[in-house]
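The values are calculated or read from the model by the stated rules, or taken from the named source; none is laboratory data. Note that the coordinates shown come from a computational prediction; the quantities given were computed from them, not determined experimentally. As a convention, Cβ positions derive from the backbone with ideal geometry for all residues, glycine included, and neighbour counts pool all protein chains shown.
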Amino acid sequence: MLQPTQTQNNSENKRVSYRGGNFFYLFAGLLLMLLTVPYAQHLPVIGRYSLTLIFNAFMLIAVWSLTGTHRLFYAGLGLALAISLISGSSALGLANQSLEIAGLCLMLTFAGISAWIAAWHVFTLRRVDFNSLVGAFCVYLLIGFIWAILFRLLQLLGLATFSGLTSTDEPFAQVTYFSFVTLVSLGYGDITPTSGLARVLSYFEALTGQFYLAVLVACLVGAFVAQYRSSQ
């Protein structure tokens, strides 16, 4: 009679351990991305393509540190290698719009998987601690990057247009700036969407950012209250 109970406890401990992923690697990668994006085109030799390599390396480490499962790790490894291959081809002078679109689609998939894993850990948390707060912030940053990739992808496909973009700056850096300004509802107005689809996606991003913060605060407060009551 004791053995099933012990097995059940071990299973529960494994689930708790799975949910407690380390978000600091992911946070370091995202922070490095934010700091690198504006200056990527000025980096020596491979310029903006080094940004993709940094994205691959840190996001792969993040997925591995969060999941701990071979299936998702190999899926992330495959995506990272494919993106690196496309970036390497572009850096060697083989760049074309089709390759860039393919790379953006893979990056969108990669970022989406990372956001899903991080959100799963954060919103199934049982304890409120510093790691869970870092994870929540990572999800918020990932939302901004996902929308930036989507904006650039639709721009290449001719489905989204923006005014205020300059020809001297890296396009992805500009849409990333616009994405995060929209996410936090700053609305500076230096870059504005001009097509219908771009406008729809812009206000949906602003709504997502606001609702995410509201849901996050509610979840953290609920978890904190439950944690406090269980300790009494």
| Looking at segment 179-209, which of its residues are under 14 Å from residue 143 (Cβ atoms) and either in contact with a Pro (Cβ under 7 Å, 6 or more places away or on another chain) or in contact (Cβ under 8 Å) with a residue 24 or more places away in the chain (or both)? | 179, 180, 182, 183, 184, 185, 201, 202, 205, 206, 208, 209
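I'd like to check something: does segment 134-152 contain any residue that is farther than 20 Å from residue 209 by Cα and either part of a helix (DSSP H, G or I) or in contact (Cβ under 8 Å) with a residue 12 or more places away in the chain (or both)?
no
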| said: What's the total number of residues in segment 154-176 that are assigned to a helix (DSSP H, G or I) and surrounded by 20 or more Cβ atoms within 10 Å (Cβ to Cβ)? | reply: 5
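Listed residues 62, 115; which is modelled with pLDDT of 80 or more, within 17 Å of residue 30 (Cβ to Cβ) and among the aliphatic types (A, V, I, L, M)?
Result of the check over 62, 115: 115.
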